[in-house]
2 protein chains.
Amino acid sequence: MLEKRRADILDLINREKTVRLRDLVERYDVSDETIRRDLRSLERAGYLVRVYGGATLPNMYGAEPRYEMREVINLKEKKLVAKAAQPFIHDGDSLFLELGTTTLEFAKLLHVHNDLTILTNSIPIADVLINFEKFNVWMIGGHVRKGERATSGFLAEQTIDQFNVDKLVMGVGGVNREGWITDYHSEEANARRKMIKRSRHIIALADYSKFDVTALNQICPLSSVDILVSDEKIPHPYKRILAEAGTELVIAR
Amino acid sequence: MLEKRRADILDLINREKTVRLRDLVERYDVSDETIRRDLRSLERAGYLVRVYGGATLPNMYGAEPRYEMREVINLKEKKLVAKAAQPFIHDGDSLFLELGTTTLEFAKLLHVHNDLTILTNSIPIADVLINFEKFNVWMIGGHVRKGERATSGFLAEQTIDQFNVDKLVMGVGGVNREGWITDYHSEEANARRKMIKRSRHIIALADYSKFDVTALNQICPLSSVDILVSDEKIPHPYKRILAEAGTELVIAR
DNA sequence: CGCCATTCGAACAGATATAATCATAGACTA
DNA sequence: TAGTCTATGATTATATCTGTTCGAATGGCG
């Protein structure tokens, strides 16, 4: 009976994830065209997806963006900004390097230096840096967040409190006209505030897209930032805002 | 079936980070050209990057050092040993996972579990684990050694001392007839001793090549080890030696 | 640097699956 | 009994997948 067979096929595929037309033909002893009609019908009803040679449950991999290959937005600007920030680092410095794509680009540029001590909570950044043998690299431990591939939490904060470094290099989530730096990641926000406290100089990297953006978490006022590196497209009023806050603005070209 | 095979390959590479064409050919019993077509297709879809002899995951950050498909010695035995150790883990466990290629293989097998809390000092292991969303992953901070891509030093030790876990899973440098486990990495030795102290159960992974080897650093006596997993080629006298030490021997087959 | 083994890409051919179409059998109804 | 409707089977042209062959490219090793 048709209805029974189709319900049965549905059962089967839900258990097995995939079914082969060949097997179904044999199992129900009907022609392959009949099975094909069944599958077509079930597909139209949305229960499965037909594939060459059988069918599978929807979303095997075709639709599932397991690896969002989000190419990094504004990568060109980020690289530029990173490059403009690099001269502020000197051999012998100790640094906090915060997670972020801009800071990752920055990390890649550090190979020209010698004798740096670098503390980071970002796994990709640590991964880049350990290829430069001449550095002293410390990974800040803590809870690992999948999204950012970086650590945070009480363990990270407690670790940060044990160090005093020359410079913190950080990306930002947003900068607004009230003169505040904000960020999206609540978990990391605390760690970042602690880093700020523990660093003699603060260098913030922010391409033009970060301005007039207010993210969820207040991080620090602009006046806490010594140097802010951006690019030529920085919105005009910020030159004044930064000057008032006593922050040196560096434009990458 | 084509779609099934490709989805399967995708699963595999997401767990293993790299796949070899040769292995896939054997696993699916199809021609190498077919696998090549699969990989080409998956590459076009952005799910992986083809490399000579196989494929690897795309590096999401644009410039991480590429996971090369370097040959690990005794990889087959290591995989076997890791597989034999996996059943000793139970949902809900908390684990220390030490650095090492065997423990890395072990980590890849953990996806069958739920609700694990895992602390590791190995960057590659953390990298594998954060893809399994259902785990609580903690990176142990510390000084990053290039050779091992893992952390050690006072910071690591101090972090370890803040935890008590159910099980420690560790590789070993060597096991000798005097009943001692030894290791090559002096820096990690201290951290490892602390982990041992902080773990209720100790599981050691040692393929046959590790026996009758004495490395520089004494780690612990065999009697501290609850379960030792090895393979069929384990030298004969060790069955007695382990029995005398009160260590359960598990042979991977 | 050159040699060797392995891997790769292109092209073709054979096998298998699919879509479109028509034919048939049985059930129900008028 | 004839009409018609539905599920199924059969036929054929087309599309897709796969294995094989062979020359070129690549990587490892002396």
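Bear in mind these aren't lab numbers, they're just calculated from the coordinates by the rules spelled out. On a predicted model such as this, the values are computed, not experimentally measured, just so you know. Every residue, glycine among them, receives a Cβ derived from its backbone with ideal geometry; neighbour counts consider all protein chains shown.
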Once you have a ≥ b ≥ c as the square roots of the Cα gyration tensor eigenvalues for the protein assembly as shown, tell me rounded if a/c is under 1.5, and otherwise prolate or oblate according to whether a/b is larger than b/c. oblate
Averaged over every viewing direction, what's the projected area of the C-alpha convex hull for segment A:2-56? Give it in nm², one decimal, please. 3.1 nm²
The protein assembly as shown: antiparallel DSSP beta bridges as a percent of all, rounded to 5: 40 percent
Here the relative contact order (percent) of segment B:2-56, from C-alpha pairs under 8 Å and at least 6 apart, is 38 percent
If the label point sits 7 Å along Cα→Cβ of residue B:143, residues of segment A:102-146 with amide N under 11 Å come out as A:136-138
Sort B:36, A:177, B:149, A:44 so the one with the fewest other Cβ atoms within 10 Å of its own Cβ comes first. A:44, A:177, B:36, B:149
Taking residue B:166 in one copy and the same position in all the others, each labelled 7 Å out along Cα→Cβ, what are the pairwise distances from the first, in nm, shortest first? 4.7
What does the C-alpha gyration tensor say about the overall shape of chain B? Classify as rounded when a/c is under 1.5, otherwise prolate if a/b is larger than b/c, or oblate. prolate
For chain A, list the DSSP H helices whose alpha carbon atoms reach 24 Å or more along the long axis and whose average Kyte-Doolittle value is 0.5 or above? none
Before rounding to the nearest 500, sum -39500 (n - 2.57) across all DSSP H runs of length at least 4 in chain A and divide by the residue total; then give [θ] at 222 nm in deg cm²/dmol. -10500 deg cm²/dmol
Label geometry 7 Å along the beta-carbon vector: residue B:111 inter-copy distances in nm: 3.2
By the Kirkwood definition, with r running over pairs of different Cα atoms, segment B:81-181 has a hydrodynamic radius in Å of 14.0 Å
Inter-copy distances for residue A:5, nm, shortest first, label points 7 Å along Cα→Cβ, are 2.8
In whole percent, what relative contact order does chain B give with Cα contacts below 8 Å and a gap of six or more residues? 14 percent
DSSP beta bridges in segment A:75-252: the antiparallel percent, rounded to 5, is 30 percent
Apply the Debye scattering formula to segment B:126-253, with a single equal point scatterer on each alpha-carbon and no solvent, then give log10 I(q)/I(0) at q = 0.14 Å⁻¹. -0.66
If I build a Gaussian network model for chain B, linking alpha-carbon pairs within less than 10 angstrom, which residue out of B:173, B:142, B:46 has the largest mean-square fluctuation? B:46
